[in-house]
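Beneath this line is the structure, given in structure tokens, with notes to follow.
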Amino acid sequence: MSDAYERFYTANPPHERPVIATHRHEVASIVAGCAAVAIAGGHVGVLNDCLHLCNLAALIDAQPLIAWSSGCMALSQRIVVVDDDDPAGRPDEIYDIGLGVARDLVALPAGAARLRAHDPDRLGVLARRVEPAVCVLLDVGDRLEVHPGSPADLGSVGVIASDGRVIRGAQAA
């Protein structure tokens, strides 16, 4: 997937388009003056496209980064969309490349509501599919701290093990 993006951006560099360059400059000015950056949820595809278009990953420096829902998904290296109770029956999807700020993990917000935690075979397939990254369940009240250059402290969130078990605490850390 990254090769396709590279070919596209080489042939059609968005940063050279005046309207995009103007937006990127405006966003860079705003972010430079922020004590922290917050990324809310919404439609993960639209959000991710906007974050990439504005080149947000290059702008995040030492500011704390706060994200929730699909904002967490967009910070991962890969965005995986999962909903076991989707009325349309759509399968899990490795949707897109995220910003890559949160490395080696795939954020799955509202995991308790979207995943059948009682089906370890299904969860194991999902976990193995995204390896070497780990599937991190982010439910109401969960908090995950990620620091540049350090692995995430997974001790306070649910993680799907490769055998499909959902583990928490010291087992996940």
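The values are calculated or read from the model by the stated rules, or taken from the named source; none is laboratory data. Since we're looking at a predicted model, the values are computed, not measured. Every residue, glycine among them, receives a Cβ derived from its backbone with ideal geometry; neighbour counts consider all protein chains shown. In case anyone asks, the SASA skips ligands and DNA or RNA and just uses the protein heavy atoms, side chains included. Shrake-Rupley method; radii C 1.70, N 1.55, O 1.52, S 1.80 Å.
Ordering 46, 157 by accessible area with a probe of 1.4 Å, largest first, what comes out?
Numbers: 46 90, 157 0 Å².
From most accessible down to least: 46, 157.
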**Asked** Using a ≥ b ≥ c from the Cα gyration tensor of region 50-134 (square roots of the eigenvalues), is it rounded, prolate or oblate, where a/c under 1.5 gives rounded and otherwise the larger of a/b and b/c decides, a/b for prolate?
**Response** prolate
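State whether region 79-173 is rounded, prolate or oblate according to the following rule on the C-alpha gyration tensor (a ≥ b ≥ c being the square roots of its eigenvalues): a/c under 1.5 gives rounded; otherwise a/b larger than b/c gives prolate, and the remaining case gives oblate. Please list the in-between numbers first.
Values: a/c = 1.64, a/b = 1.33, b/c = 1.24.
Prolate.
Taking the solvent-accessible surface of protein heavy atoms with a 1.4 Å probe, what is the per residue accessible area of region 1-108 in Å²?
Working: 6270 Å² over 108 residues.
That works out to 58 Å² per residue.
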**Share antiparallel - DSSP beta bridges, the chain, percent rounded to 5** = 50 percent
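Could you order 20, 30 by accessible surface area, starting with the largest, using a probe radius of 1.4 Å?
The ranking, largest first, comes out as 30, 20.
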**Message:** Could you report the accessible area of residue 150 in Å², rounded to 10, computed with a 1.4 Å probe on the protein chains as they sit in the structure?
**Reply:** 60 Å²
**Prompt:** So how strong a dipole does the chain carry about its Cα centre when Lys and Arg Cβ are +1 and Asp and Glu Cβ are -1, to the nearest 20 debye?
**Reply:** 120 debye
**Complete:** What the Cα atoms of the chain span along the principal axes, largest first and in whole Å, is 51, 34, 27
**Low-density loop positions, chymotrypsin sites (Phe, Trp or Tyr not before Pro), region 1-87 - DSSP coil, at most 11 other Cβ in 10 Å** = none
**Message:** I want to check the label-to-label distance for residue 9 and residue 43. Put each point 7 Å from Cα in the C-beta direction and report it in nm to one decimal.
**Reply:** 2.3 nm
**Request:** Report the extension gain between residue 119 and residue 93 in nm, rounded to one decimal, defined as 0.36 nm multiplied by the number of residues separating them, less their alpha carbon distance.
**Result:** 7.6 nm
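Using a 1.4 angstrom probe on the protein heavy atoms only, could you order 142, 92, 121 from most to least accessible area? Let's see the in-between values first.
On the way: 142 45, 92 25, 121 125 Å².
The residues order as 121, 142, 92, largest area first.
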**Prompt:** For the chain, what is the relative contact order in percent, using Cα pairs closer than 8 Å and at least 6 residues apart in sequence?
**Reply:** 15 percent
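Could you look at the chain and say what percent of its accessible area is carbon and sulfur, using a 1.4 Å probe and all protein chains?
Details: 5670 of 10080 Å².
Carbon plus sulfur share of accessible area: 56 percent.
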**Request:** Take the alpha carbon gyration tensor of region 1-83, find the square roots of its eigenvalues, order them as a ≥ b ≥ c, and report rounded if a/c is under 1.5; if not, report prolate when a/b exceeds b/c, else oblate.
**Result:** oblate
